[in-house]
Amino acid sequence: MLFKKMVSENVRYGRISWKRHALERILERNILRKDVTDVLQNGEVIEEYPDDHPFPSILIYGKSDEKPLHVVVSIDTVNKWCYIITVYRPDLKHFESDYKTRKK
């Protein structure tokens, strides 16, 4: 929950950086930046990766145009900055029908 609060605050104050991979994915997948930032502010954390390097990261679930959207963001807790790593639309091959639960 702490990470989600930090992400929302960083988005609100413009302390986010888009990694090249994320920008490439939103272009090829026709996803708007605004949809991504909306998910970052209003979405639900469905996975946490506290051991990621160089910063811990989280997977956030939300919707854009009534379609599910996942955003992976890493959080620099010292400098209070977020890095958008990737963005994608989850599919039923990898996730259950709630698009939040990863299939085993």
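Each value in this text was obtained by applying a stated rule to the coordinates, not by laboratory testing. Remember, predicted model here, so these are calculated numbers, not experimental data. Counting neighbours? That spans all protein chains shown, and the Cβs are built from the backbone with ideal geometry, glycine included.
Summing Lys, Arg as +1 and Asp, Glu as -1, what charge do residues with Cβ under 13 Å from the Cβ of Tyr99 carry, Tyr99 excluded? All intermediate terms of the calculation are to be shown ahead of the outcome.
Details: positive: Lys63, Lys67, Arg89, Lys93, Lys100, Arg102, Lys103; negative: Glu44, Glu47, Glu66, Asp91, Glu96, Asp98.
That works out to +1.
Expected output is a single nm value to one decimal: the length gained when fully extending between Asp65 and Ser17, i.e. 0.36 nm times separation in residues minus the C-alpha distance. What is it? Can you show the working numbers first?
Details: separation 48, 0.36 × 48 = 17.28 nm, distance 2.36 nm.
This chain segment gains 14.9 nm when fully extended.
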Fill in: Degrees, to the nearest 10: 2-12 long Cα axis against longest axis of the chain
80
Discussion item. Given contacts defined as C-alpha pairs under 8 Å and at least six residues apart, what's the relative contact order of the chain, whole-number percent?
Written reply: 28
Response to the item:
Nearest 10, in degrees from 0 to 90: the angle of helix 33-42 to the longest Cα principal axis of the chain is 80
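Can you tally the net charge around Pro56? Count Lys and Arg as +1, Asp and Glu as -1, for every other residue whose Cβ sits under 11 Å from the Cβ of Pro56. It would help to have the intermediate numbers written out before the result.
Numbers: positive: none; negative: Glu48, Asp51, Asp52, Asp76.
Spelling it out: positives minus negatives among the neighbours equals -4.
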Discussion item. Over the chain, with a Gaussian network built from C-alpha contacts below 10 Å, which listed residue (Asp65, Asp35, Asp91) shows the highest mean-square fluctuation?
Written reply: Asp65
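Give me the Kirkwood hydrodynamic radius of the stretch 2-88, using the inverse of the mean 1/r over all pairs of distinct Cα atoms, in Å to one decimal. Numbers along the way, then the final one.
Details: mean 1/r = 0.0795 Å⁻¹.
Evaluated on the stretch 2-88, it is 12.6 Å.
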